[in-house]
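Taking it in order: structure first as structure tokens, then the write-up.
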Amino acid sequence: MIKESYECSIDKLNKLDSNVPINLVLSGGGEKGVAHIALLEALEERNIKIHAISACSAGSLVGSMYASGVSTKEILAFFKKTDIFQYSWITFGKAGIFNSDNYAKLLNGKIKDTFEELSIPLYLSTTNLNKGVTHYFKEGDLRKPVLASCAIPGLFNPIDINGELYSDGGVLDNFPITPFKGSEYPVIGSYVVYPSVKKNKDLSSTLKVLEHSFKLLSLSSEEYKFFKTFATVCFPLEDYSSFDKKEVNKIYKAAKNYLNERLQ
């Protein structure tokens, strides 16, 4: 299942026609989401226009800011200075360790108030916990759907939207290509949580085995989608943490180097 090269038709990015806009899919992945920034910059360098963005979790943060007109440089700075875990926001009265509502203030000045104000149409993958289905937000208030898309179950409490509870879209759809079904434009994907090939020594503890098994389980429900896109970049970021702000710059540089090496 695991591709040692991590490459899912990445060479096709060199064949994109600047006269034809693309649909862009951004996966979740915590701090590893900064790799999406590197791909956005590569598209900008090639004058590739984005018709619409479909995103999940960390991808929703990147996508909503970019569609709000925030530059890639500013988005990277946001990730560098923003702690995912604000320990002063630990809560005991909600269904999560951290109070998701407090994170709304971090988005002030970073995203528009509504989907309709965005310069690029945006779809956000969330999980409707009441109904047990994926819900793609695309209109109305933007802030709550962004928070919901990023609300990892157990860590962040679900977001109440119109009387129902929504959590991280990655529970059911971490690579949301569905909004682009039947679209006339090519779909380009960015996937930042692709697991690497492991040696025995890499699986030497219960935690390591469980972590790797969880990533394989997630991949098994997502990998087939890569082949429904024109091209998907599967960034090799296994050596980095999804939850450590200190690694943001390393992740970004690794993603840039990966693209530069393969998109000559």
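The values are calculated or read from the model by the stated rules, or taken from the named source; none is laboratory data. Remember, predicted model here, so these are calculated numbers, not experimental data. Glycine also receives a Cβ, built like all others from the backbone with ideal geometry; neighbour counts cover every protein chain displayed. All accessible areas refer to the heavy atoms of the entire protein, side chains included, with ligands and DNA or RNA removed. Shrake-Rupley method; radii C 1.70, N 1.55, O 1.52, S 1.80 Å.
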Review point. Looking at the range 56-73, is at least one residue among the charged types (D, E, K, R), out of contact with any His (no Cβ under 9 Å at 6 or more places or on another chain) and either part of a loop (DSSP other than H, G, I, E, B) or surrounded by 14 or more Cβ atoms within 10 Å (Cβ to Cβ) (or both)?
Key: no
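Could you please find all residues in the range 219-243 being open to solvent by 60 Å² or more (accessible area, probe 1.4 Å), out of contact with any strand residue (DSSP E or B) (no Cβ under 6 Å at 6 or more places or on another chain) and of a type outside the set (D, E, K, R)? Spell out the reasoning first.
So the first thing to find is which residues in the range 219-243 are open to solvent by 60 Å² or more (accessible area, probe 1.4 Å), and the list is 220, 224, 227-228, 230, 239-240, 243.
The next check asks that each one be out of contact with any strand residue (DSSP E or B) (no Cβ under 6 Å at 6 or more places or on another chain); those that pass are 220, 224, 227-228, 239-240, 243.
Hits for the range 219-243 are S220, Y224, F227, Y240, F243.
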Review point. Can you tell me which residues in the range 171-195 are in contact with a helix residue (DSSP H, G or I) (Cβ under 9 Å, 6 or more places away or on another chain), open to solvent by 20 Å² or more (accessible area, probe 1.4 Å) and at pLDDT below 95?
Key: V193
Exercise for review: List every residue pair whose Cβ atoms sit under 7 Å apart, with the two residues 6 or more apart in sequence or on different chains, where the first one lies in the range 212-227 and is under 19 Å from N200 (Cα atoms) and the second, anywhere, is part of a helix (DSSP H, G or I) and open to solvent by 30 Å² or more (accessible area, probe 1.4 Å).
Suggested key: H212/L203
Review point. Which is out of contact with any Ser or Thr (no Cβ under 7 Å at 6 or more places or on another chain) and over 30 Å from L263 (Cβ atoms), of S205, S220, S167?
Key: S205
Point to revise | strands (runs of 3 or more DSSP E) lying entirely in the range 158-264 (those with 1 or more residues that are over 19 Å from the mean Cα position of the chain (by Cα)) | key: 159-161, 164-168
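Right, N130: within 22 Å of S167 (Cβ to Cβ) and open to solvent by 70 Å² or more (accessible area, probe 1.4 Å) or not? First the steps, then the outcome.
Details: within 22 Å of S167 (Cβ to Cβ): yes; open to solvent by 70 Å² or more (accessible area, probe 1.4 Å): yes.
Criteria met by N130.
Return the residue satisfying two criteria in turn: it lies in the range 84-111 and is assigned to a helix (DSSP H, G or I) and open to solvent by 50 Å² or more (accessible area, probe 1.4 Å), and of such residues it is modelled with the lowest pLDDT. Give the steps one after another, and end with the answer.
Of the residues in the range 84-111, the ones assigned to a helix (DSSP H, G or I) are 87-89, 100-107.
After this cut, where a residue has to be open to solvent by 50 Å² or more (accessible area, probe 1.4 Å) as well, the list is 87-88, 101, 105.
Values: Y87: 65, S88: 62, D101: 79, K105: 88.
The residue in question is S88.
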**Study point:** Scope the range 137-146; condition open to solvent by less than 60 Å² (accessible area, probe 1.4 Å) and either part of a strand (DSSP E or B) or touching a Leu at 6+ places or on another chain (Cβ under 8 Å) (or both); matching residues
**Key:** F137, L142, R143, P145, V146
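Mind listing whichever residues of the range 45-102 are among the acidic types (D, E) and within 16 Å of I159 (Cβ to Cβ)?
Of the residues in the range 45-102, the ones among the acidic types (D, E) are 45, 74, 83, 101.
If the condition is that a residue be among the acidic types (D, E) and within 16 Å of I159 (Cβ to Cβ), then D101 is the only one that fits.
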Exercise for review: Please specify each residue of the range 1-24 satisfying the condition of being modelled with pLDDT of 95 or more and open to solvent by less than 10 Å² (accessible area, probe 1.4 Å).
Suggested key: I22, N23, L24
Exercise for review: Go through (1) in a helix (DSSP H, G or I); (2) over 24 Å from K215 (Cβ atoms) one by one and return the number of the condition H51 breaks.
Suggested key: (1)
Review point. Is the range 25-38 home to any residue that is modelled with pLDDT under 95 and open to solvent by 10 Å² or more (accessible area, probe 1.4 Å)?
Key: yes
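For the range 147-160, which residues satisfy the criterion of being open to solvent by less than 20 Å² (accessible area, probe 1.4 Å) and more than 18 Å from Y66 (Cβ to Cβ)? Even if it seems obvious, please write down each step before you answer.
Step one: list which residues in the range 147-160 are open to solvent by less than 20 Å² (accessible area, probe 1.4 Å), which gives 148-149, 151, 156-157, 159.
Scanning the range 147-160 gives A148, A151, F156, N157, I159.
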Check your understanding: How many residues does the range 68-77 contain that are touching a helix residue (DSSP H, G or I) at 6+ places or on another chain (Cβ under 9 Å) and closer than 19 Å to P145 by Cα?
Key -> 3
Check your understanding: What pairs come up if the first residue lies in the range 22-37 and is in contact (Cβ under 8 Å) with a residue 12 or more places away in the chain and under 13 Å from N174 (Cα atoms), the second is β-branched (V, I, T) and open to solvent by 10 Å² or more (accessible area, probe 1.4 Å), and their beta carbons are under 8 Å apart, counting only those six or more places apart or on different chains?
Key -> V25/I177; V25/V187; V25/T229; S27/V193; G28/V193; G29/V193; G30/I84
